[in-house]
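Enquirer: The structure's right below; bear with me while I get my questions together.
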Amino acid sequence: MLASNNTTAAGRVAFTYPGFSSYIMARFFIVSSLEMQSVAVGWQVYEITKRPLDLGLVGLAQFLPGIFLFLVAGHLADRLDRRKILLTCYGGMAACSALLLMLAFLASHSVYLIYLVLVLLGVVRTINWPASRAILPQLVPDEHLHNAIAWNSIAFQSATIIGPALGGVLYAFSHGPRLVYAFSVTSAAVAILSFFKIKLLSKDRPQEEISTRTVLAGLRYIWRKKVVLGSISLDLFAVLLGGAVALLPVYAKEILKTGPWGLGLLRSAPGVGAGLMAIFLAYRPLQRRVGVTMLWAVAAFGVFTIVFGLSHNLVVSLIALLLTGAADMISVVIRATLVQLSTPDEMRGRVNAVDMLFLGASNEFGEFESGFTAQWFGTVRAVVLGGLGTLFVIALWAWLFPDLRRAEGFADPEVALAEATSRESQS
């Protein structure tokens, strides 16, 4: 009984730090705001144009700013107060939701104005991402970072469950996007209020002079750390090919014959699987063979993507998406922990900015890739080919990055790698 209580307490140890609790509250509401908004935008755009390619452009509009601003965003996160950066960005996200609400009230049928707001949202998210990731180790000690990352993922996935489901229900209830955007603004406002309570544990970071060398330091650091390079590039190419989120409005309307409520369920399903897996990992953290585990998890993501692509049944589709979310969460926790623990605090903003670009490419640019291939090859073929492409990437990365394949644990990835290599040579 005592051992069970100790396990339960250890599973929630990150919440003993008040700054982390406030951060989780703020993160939950801001992600909920963005997720319910994404459902409304996707359905609204598809109703206007009836073209899968335009759903892909929704992702591209949010990804393009990251290509030009990710280095600047990372440098800002390492030089300025990360709390102030995040508060400003949360206000920017609320403003973008308000602009979409205004367009809905004006009854505009131009997707170009929607794309313009999404580009602005992309700018805000680009600046937000490195600071949001880099602030986490300032909220809890290193020994509890794995637990904090797991609970951070739980909060994120809970928002990706509730946000899309609520957005779909509100869209169906109000027969349009206005109510969804109004709720999105409200949720963002709650996130801003929650963020004022955050206090950091760590001291001020050493300041570096602004130069090309310091701005590019994150890229050089990741290139030297092959375990980190392998983990984030794996996520880039695997999810870039295997992502089917952009095409969910097409599946909901044309293949599964459901409405906005069904789209909300489909958008929520990966979050359900990811949330359940994150809870499991919070109480049963990964200790050994994290590299191989990550490779198998991404392979499972590809397999379940193929199952979803071939399904014409709503229940089967929901189960397949749930399992893609669970598999992806294993990869997310491993990658995030490796990146955070391998990087000194004064460089976390720049390193996370590069990670952000990779993740944005896999998500937002992946949506464009899905929409583009669906326009040319058909929706089902695009998803199935993407899943097969993910499996090919797994095999290739296992060969290209032996350091990642041999990675054993989180505490010190380089020491763990050396021990694993030594064991392989003795066997």
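Enquirer: Sorting check: for 195-201, 56-62, 258-264, 288-294, which peptide has the highest mean count of neighbouring beta carbons within 10 Å, and how do the rest follow?
Expert: The peptides rank, most packed first, as 56-62, 258-264, 288-294, 195-201.
Enquirer: Would you check the chain for Lys pairs whose C-alpha atoms are within less than 16 Å, ignoring same-chain pairs closer than 8 in sequence, and give me the count?
Expert: 5
Enquirer: For region 115-121, what does the Karplus curve 6.51 cos²θ - 1.76 cosθ + 1.60, with θ = phi - 60°, yield as ³J(HN,Hα) per residue in whole Hz, taken in order and with x for Gly and Pro?
Expert: 4, 4, 5, 5, 5, 4, 4
Enquirer: Additional query: Would you please give the FRET efficiency between Ser108 and Gln287, computed as 1/(1 + (r/R0)^6) with r the Cβ-Cβ distance and R0 = 60 Å, to the nearest 0.05?
Expert: 0.65
Enquirer: Which order, highest average first, do 141-148, 220-227 follow once you tally other Cβ atoms within 10 Å for each residue and take the mean per peptide?
Expert: Taking the mean over residues of other Cβ atoms within 10 Å, the ranking is 141-148, 220-227.
Enquirer: Determine ³J(HN,Hα), in whole Hz, for all residues of region 150-165 in sequence, where each value follows from phi through the Karplus function 6.51 cos²θ - 1.76 cosθ + 1.60 and θ = phi - 60°; x replaces Gly and Pro.
Expert: Per residue, the Karplus-derived 3J(HN,Hα) values read 4, 6, 4, 5, 4, 4, 4, 5, 4, 5, 6, 7, 6, x, x, 4 Hz.
Enquirer: What 222 nm value per residue comes from the helices of the chain, counting each DSSP H run with n ≥ 4 as -39,500 (n - 2.57) and dividing by all residues, nearest 500 deg cm²/dmol?
Expert: -26500 deg cm²/dmol
Enquirer: What share of Cα pairs, in percent, lie more than 13 angstrom apart in region 49-104?
Expert: Summing the P(r) tail past 13 Å for region 49-104 gives 73 percent.
Enquirer: For the pair Leu310 and Lys84, how long in nm is the line joining their label points, each one 7 Å along Cα→Cβ?
Expert: In this crude spin-label approximation the distance works out to 5.6 nm.
Enquirer: Mind grabbing the accessible area of Ser21 for me, 1.4 Å probe, Å², rounded to tens?
Expert: The accessible area of Ser21 comes to roughly 40 Å².
Enquirer: For region 87-143, what is the largest minus smallest coordinate of the Cα atoms on each principal axis, given in angstrom and ordered from greatest to least?
Expert: 52, 16, 16
Enquirer: Along the Cα→Cβ direction, 7 angstrom out, place labels at Ser174 and Ala395. What is the inter-label distance in nm?
Expert: Each label point lies 7 Å from its Cα, and together they span 4.9 nm.
Enquirer: Where does helix 52-79 land angle-wise versus the long Cα axis of the chain, in degrees 0 to 90, nearest 10?
Expert: 40
Enquirer: With +1 assigned to the C-beta of every Lys and Arg and -1 to the C-beta of every Asp and Glu, and no other charges, what is the dipole magnitude of the chain about the Cα centre in debye, to the nearest 20?
Expert: 280
Enquirer: On a 0 to 90 degree scale, rounded to 10, what angle separates helix 2-11 from the longest Cα axis of the chain?
Expert: For 2-11 against the chain, the angle is about 60 degrees.
Enquirer: So, R0 is 41 Å and r is the distance between the beta-carbons of Asp142 and Trp296; what FRET efficiency does that work out to, to 0.05?
Expert: 0.95
Enquirer: Specify the inter-centroid distance of region 25-79 and region 298-330, based on alpha-carbon positions, in whole Å.
Expert: 23
Enquirer: Sort Ser174, Ser194 by accessible area with a 1.4 Å probe, largest first.
Expert: Ser174, Ser194
Enquirer: Mind checking the angle between helix 290-310 and the chain's longest principal axis? C-alpha axes, 0 to 90 degrees, to the nearest 10.
Expert: Result, in degrees: 10.
Enquirer: May I pose another question? Going highest first, how would you order 101-107, 64-70, 90-96 by mean Cβ packing within 10 Å?
Expert: 90-96, 64-70, 101-107
Enquirer: Here is a follow-up. How large, in percent, is the carbon and sulfur part of the accessible surface of region 55-161 at a probe radius of 1.4 Å?
Expert: 74
Enquirer: Could you give the Stokes-Einstein D for region 10-104 in µm² per second, using the C-alpha Kirkwood radius, 10 °C, 1.306 mPa s?
Expert: 99
Enquirer: Let me have the relative contact order for region 1-141, percent, based on Cα pairs under 8 Å that are six or more residues apart.
Expert: Computed over region 1-141, the figure is 35 percent.
Enquirer: Hey, another quick one. Mind putting together the pair-distance distribution for the chain? All Cα pairs, 20 Å bins, whole percent per bin, short to long.
Expert: P(r) over the chain, rounded to whole percents: 27, 60, 13, 0.
The values are calculated or read from the model by the stated rules, or taken from the named source; none is laboratory data. Computed from a predicted structure; not experimentally measured. Positions of Cβ are backbone-derived with ideal geometry, glycine not excepted, and every protein chain shown enters the neighbour counts. Note: accessible area is taken over every heavy atom of the protein model, side chains too, but ligands, DNA and RNA are not part of it. Shrake-Rupley method; radii C 1.70, N 1.55, O 1.52, S 1.80 Å.
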